[in-house]
Structures are given as structure tokens and as C-alpha cells.
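Reviewing the structure listed below.
The values are calculated or read from the model by the stated rules, or taken from the named source; none is laboratory data. Source: prediction; values computed, not measured. As a convention, Cβ positions derive from the backbone with ideal geometry for all residues, glycine included, and neighbour counts pool all protein chains shown. These area figures cover heavy atoms from the full protein model, side chains too; ligands, DNA and RNA do not enter into them. Shrake-Rupley method; radii C 1.70, N 1.55, O 1.52, S 1.80 Å.
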Amino acid sequence: MIPGIAIRFAGPEDITIIGFLAQEIWPLTYKEILSEDQLQYMMDRIYSPASLMNQMLEQKHTFLIIEEDEEPIGFASYSIIDEHGIYKLHKIYVLPGQQGKGLGKLIINFIVADITPSGATALHLNVNRYNKAKSFYEKIGFVVIREEDIDIGNNYFMNDYIMELKLI
């Protein structure tokens, strides 16, 4: 663990915190990858309170809040995606000033420890093909298994790599 850092499970009562963090993180993370219009479209689509509630309650995504001295500094979400023990890391974000401190690896280790007892065989994630986070994922053991272009509506596409971390 990193001193002062805690990871806790989040619920519907944390939707406002997750939305606030997304507003702080997303524009800086994606400003060189996405147009301002696409960024706003995706924020509205993914991080509206109704969408986050749906992800938690209907899609059964497990959400985490990362805190430093009880102040939220990041969030993550994941869920099982098939009957063969494959899980997907849907989101992992920390405030820009907190990046490079080992938090990403700490969060992924927390998730792996949570899903392994349930028979997890792999953890997948999508990363934009132009996102510099790809090298971080590779450094901790993820490998690209394919490319995917996802139509998210409004003539926007997510151009991603699908990456995998084998757990067995």
C-alpha cells in the first residue's frame, strides 16, 4: 500500500464524486485525442448520473473510489464479461497530479485480488490507440489482443486496442 491511500468500493451515493472526478480528469486526458464535441458527447453518455446508476445497478459494474487522506483522487470500474472468467476493466482514472505515483498498478492489483477468488482467468480493457496509457498497461503485463472500432453514435467512434492481462 501507499501511505495515506485507500481504495474502497463505491455505490450510488458516490455518483456525484465519480462525475466530479471525471470532469476533472477526462478533458486533460483526452484533449489531444478527441474533439471537444466528442469529449462532451462521451462525458454526457458515460458519466451522467443516470448512466452511472445504470452501470452500477443494471450492468453490475463494480466501482472503486481511490482516496488520499480521505479525499477522492480517482476511480475505477470493472465487471465480468463472460462465463469463462474474463473480466473487463471499464474505467481507471486518477487526477493528473496523482499520476506516476504507482496508483494505477495499486488499483489493478486490488481488482485482480478481488476477482481472482471468483475464478477470473483474464482482465481485459480497451484503450484508445493514441492514448499514452497503453505503455503503462504493457509495463504491468497487458498485451494487445486485437483492435476494435466502436460506433458510439453521433458519427463518433472509439478506436481502441483490446488488451489482456492473463491471470492463470
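Going by what's in this entry, would Q23 be described as part of a helix (DSSP H, G or I), under 15 Å from the mean Cα position of the chain (by Cα) and in contact (Cβ under 8 Å) with a residue 12 or more places away in the chain? Give the steps one after another, and end with the answer.
Details: part of a helix (DSSP H, G or I): yes; under 15 Å from the mean Cα position of the chain (by Cα): yes; in contact (Cβ under 8 Å) with a residue 12 or more places away in the chain: yes.
When the stated conditions are applied, Q23 passes them.
Rundown of residues vs (1) open to solvent by 20 Å² or more (accessible area, probe 1.4 Å); (2) in contact (Cβ under 8 Å) with a residue 40 or more places away in the chain, yes/no style:
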position: K88; (1), (2): yes, no
position: G100; (1), (2): yes, no
position: F110; (1), (2): yes, yes
position: S118; (1), (2): yes, no
position: V127; (1), (2): no, no
position: Y130; (1), (2): yes, yes
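State whether one or more residues within the range 75-83 are open to solvent by less than 30 Å² (accessible area, probe 1.4 Å), touching a residue at least 60 places away in the same chain (Cβ under 8 Å), touching a strand residue (DSSP E or B) at 6+ places or on another chain (Cβ under 6 Å) and of a type in the set (F, W, Y). First the steps, then the outcome.
Looking only at the range 75-83, we keep the residues that are open to solvent by less than 30 Å² (accessible area, probe 1.4 Å), and these are 75-79.
Retained after the next criterion (residues that are touching a residue at least 60 places away in the same chain (Cβ under 8 Å)): 75.
Okay, now just the ones that are also touching a strand residue (DSSP E or B) at 6+ places or on another chain (Cβ under 6 Å), so 75.
Imposing the further condition that a residue be of a type in the set (F, W, Y) reduces the set to 75.
Looking for residues that are open to solvent by less than 30 Å² (accessible area, probe 1.4 Å), touching a residue at least 60 places away in the same chain (Cβ under 8 Å), touching a strand residue (DSSP E or B) at 6+ places or on another chain (Cβ under 6 Å) and of a type in the set (F, W, Y), one finds at least one in the range 75-83, hence yes.
Just the residues that are open to solvent by 30 Å² or more (accessible area, probe 1.4 Å) and of a type in the set (A, V, I, L, M, F, W, C), please, taken from the range 1-41.
M1, I2, A6, F9, I17, F20, L28, I33
Among I115, I107, which is aliphatic (A, V, I, L, M) and in contact with a Phe, Trp or Tyr (Cβ under 8 Å, 6 or more places away or on another chain)? Can you show your working first?
Details: I107 fails: in contact with a Phe, Trp or Tyr (Cβ under 8 Å, 6 or more places away or on another chain).
Selected residue: I115, the only one of I115, I107 that is aliphatic (A, V, I, L, M) and in contact with a Phe, Trp or Tyr (Cβ under 8 Å, 6 or more places away or on another chain).
Residue under question is V144, and the condition is that it be outside any helix (DSSP H, G or I), open to solvent by 40 Å² or more (accessible area, probe 1.4 Å) and not acidic (D, E); does it hold? First the steps, then the outcome.
On the way: outside any helix (DSSP H, G or I): yes; open to solvent by 40 Å² or more (accessible area, probe 1.4 Å): yes; not acidic (D, E): yes.
Spelling it out, V144 is indeed outside any helix (DSSP H, G or I), open to solvent by 40 Å² or more (accessible area, probe 1.4 Å) and not acidic (D, E).
Being aromatic (F, W, Y), in a helix (DSSP H, G or I) and over 22 Å from Y161 (Cα atoms) is true for just one of F9, F63, F110. Which residue is that? Explain how you work it out, then say what you get.
Working: F9 fails: in a helix (DSSP H, G or I); F63 fails: in a helix (DSSP H, G or I).
Just one listed residue meets the conditions, F110.
On the basis of being among the acidic types (D, E), over 22 Å from P27 (Cα atoms) and either at pLDDT 95 or above or open to solvent by 50 Å² or more (accessible area, probe 1.4 Å) (or both), does D149 make the cut?
Working: among the acidic types (D, E): yes; over 22 Å from P27 (Cα atoms): no; either at pLDDT 95 or above or open to solvent by 50 Å² or more (accessible area, probe 1.4 Å) (or both): yes.
Against the criterion (among the acidic types (D, E), over 22 Å from P27 (Cα atoms) and either at pLDDT 95 or above or open to solvent by 50 Å² or more (accessible area, probe 1.4 Å) (or both)), D149 does not qualify.
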